[in-house]
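The structure appears below as structure tokens.
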Amino acid sequence: MVENRQYFGRFLHPLIVAFAYLFLYLPIVVLVLFSFNDATVSISWQGFSLRWYAKLLNSPEILSALEASLIVALSTTVLSLLIGTCFVVASRWGRSSFLSNIFYINILLPEIVLAISILSIFTFFQMPLGYGSLIAGHTLLGLGFVIPIVKARFVELDPVLTEASLDLGATYWQTFYRVVIPLLMPSLIASGLLVFTLSMDDFLISFFCSGPTVQTLAVYVYSMIRTGVDPMINAISTCFLVISSLLV
């Protein structure tokens with residue numbers, strides 16, 4: 001029995017892990033490989049080529065969609081961090097932190113329900129869809145990640161540090177800027193990267209709240225694959241894979 005367990009642990013465990021990694025990363029390897037394929041249809045290899053990357057850089061539609069995605073993602077990250085941090089600090093220094101638990105719903109709630117709800121609010125108040133609606137929707141989604149992460153770090157801070165700052169004559173703003181923010185910086189960076197990635201990747205809220213004048217990259221890629229898989233999609237995915245890997 002002991003020998004069988006040793007055999008299982010020595011051979012079968014590494015085999016299962018290898019198959020798991022193969023299942024996860026083989027599609028990504030195929031995607032990167034076919035982004036350099038000279039064929040028009042990504043089902044057969046016809047030679048190495050950079051034509052799809054050149055076509056990608058010369059496509060005004062893709063560059064416009066990428067610009068819109070970057071504007072929305074950067075604005076969403078800044079607003080989510082600013083609002084989320086102020087909310088966490090105010091709820092701790094204020095009367096109650098009960099309201100901060102509401103934002104956990106954003107993580108548990110299906111995103112399509114959240115997208116339809118946001119669109120219903122915009123429709124009810126007759127708000128035009130565009131950059132404003134996209135940034136508002138993505139910010140609401142981002143707060144569901146910023147507030148729990150920042151709050152988890154904030155509750156671990158020693159209150160003696162802020163009390164000492166206030167006793168030494170610092171104002172609440174000086175204490176917040178010179179004591180609290182540096183201590184929260186790791187959680188702010190982590191949540192900021194997470195919100196930026198989620199905003200760039202988000203499709204449902206972008207699809208429901210973008211309107212006819214603004215189109216993010218995720219929505220544009222969706223419109224491309226409705227008629228077939230364009231090899232430029234492989235090039236776009238490879239570029240994002242390289243950028244995200246460099247950031248990590």
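Averaging the sequence gap over all C-alpha pairs within less than 8 Å and six or more residues apart, then dividing by the number of residues, gives segment 26-84 a relative contact order of 18 percent. With R₀ fixed at 51 Å, the C-beta to C-beta distance from MET127 to PHE11 puts the FRET efficiency at about 0.25. ILE112 sits with roughly 80 Å² accessible to a 1.4 Å probe, with DNA, RNA and ligands left out of the calculation. Applying Stokes-Einstein at 10 °C and 1.306 mPa s to the Kirkwood radius of segment 35-172, computed over alpha-carbon pairs, gives a translational diffusion coefficient of 84 µm² s⁻¹. Using a probe of 1.4 Å on the protein chains alone, the accessible area found for ASP201 is around 120 Å². Rounded to the nearest Hz, the phi-derived 3J(HN,Hα) couplings of segment 154-165 under the Karplus curve 6.51 cos²θ - 1.76 cosθ + 1.60 (θ = phi - 60°) are 5, 6, 8, 5, 6, x, 4, 5, 6, 5, 5, 4, where x marks glycine and proline. Solvent-accessible surface of the chain, averaged per residue with a 1.4 angstrom probe and all protein chains in place: 62 square angstrom.
Using a 1.4 angstrom probe on heavy atoms only, work out the carbon and sulfur share of the accessible area of segment 121-211 in %.
Percent of accessible area from carbon and sulfur atoms in segment 121-211: 70.
Would you work out the relative contact order for segment 93-241, in percent, from Cα pairs under 8 angstrom that are 6 or more residues apart? Please list the in-between numbers first.
Working: 100 pairs, mean separation 47.9, N = 149.
So the answer I get is 32 percent.
Based on Cα atoms of segment 9-88, Rg over Rh with Rh as the Kirkwood radius reads 1.22. Taken about its Cα centre, the chain carries a charge dipole of about 160 debye when Lys and Arg each add +1 at the Cβ and Asp and Glu each add -1 at the Cβ. For the chain, take the longest principal axis of its alpha carbons; what is the angle in degrees between that and the long axis of helix 231-247, to the nearest 10 within 0 to 90? The two axes meet at around 40 degrees. Amide hydrogen proximity for ASP38: with H placed 1.01 Å from N in the peptide plane, the residues at 5 or more positions away or on another chain lying under 5 Å are GLN46, GLY47, SER49. Each eigenvalue of the Cα gyration tensor of the chain, multiplied by 5 and square-rooted, gives one semi-axis; in descending order these are 39, 29, 18 Å. The accessible area of LEU161, taken with all protein chains in place and a 1.4 Å probe, comes to roughly 80 Å².
Stretching the chain fully between ASP158 and ALA170 yields a gain of 2.6 nm (0.36 nm per residue, less the alpha carbon separation). Each residue of segment 110-121 was assigned a 3J(HN,Hα) from its phi angle through the Karplus curve 6.51 cos²θ - 1.76 cosθ + 1.60 (θ = phi - 60°); the sequence is x, 5, 5, 5, 5, 5, 5, 5, 5, 4, 5, 5 Hz, with glycine and proline shown as x.
The values are calculated or read from the model by the stated rules, or taken from the named source; none is laboratory data. Small disclaimer: the values here were computed from a predicted structure and weren't measured. Methodologically, a virtual Cβ is constructed for each residue, glycine included, from the backbone with ideal geometry; neighbour enumeration extends over all protein chains shown. What goes into the accessible areas is simple: the full protein's heavy atoms, side chains included, and nothing from ligands, DNA or RNA. Shrake-Rupley method; radii C 1.70, N 1.55, O 1.52, S 1.80 Å.
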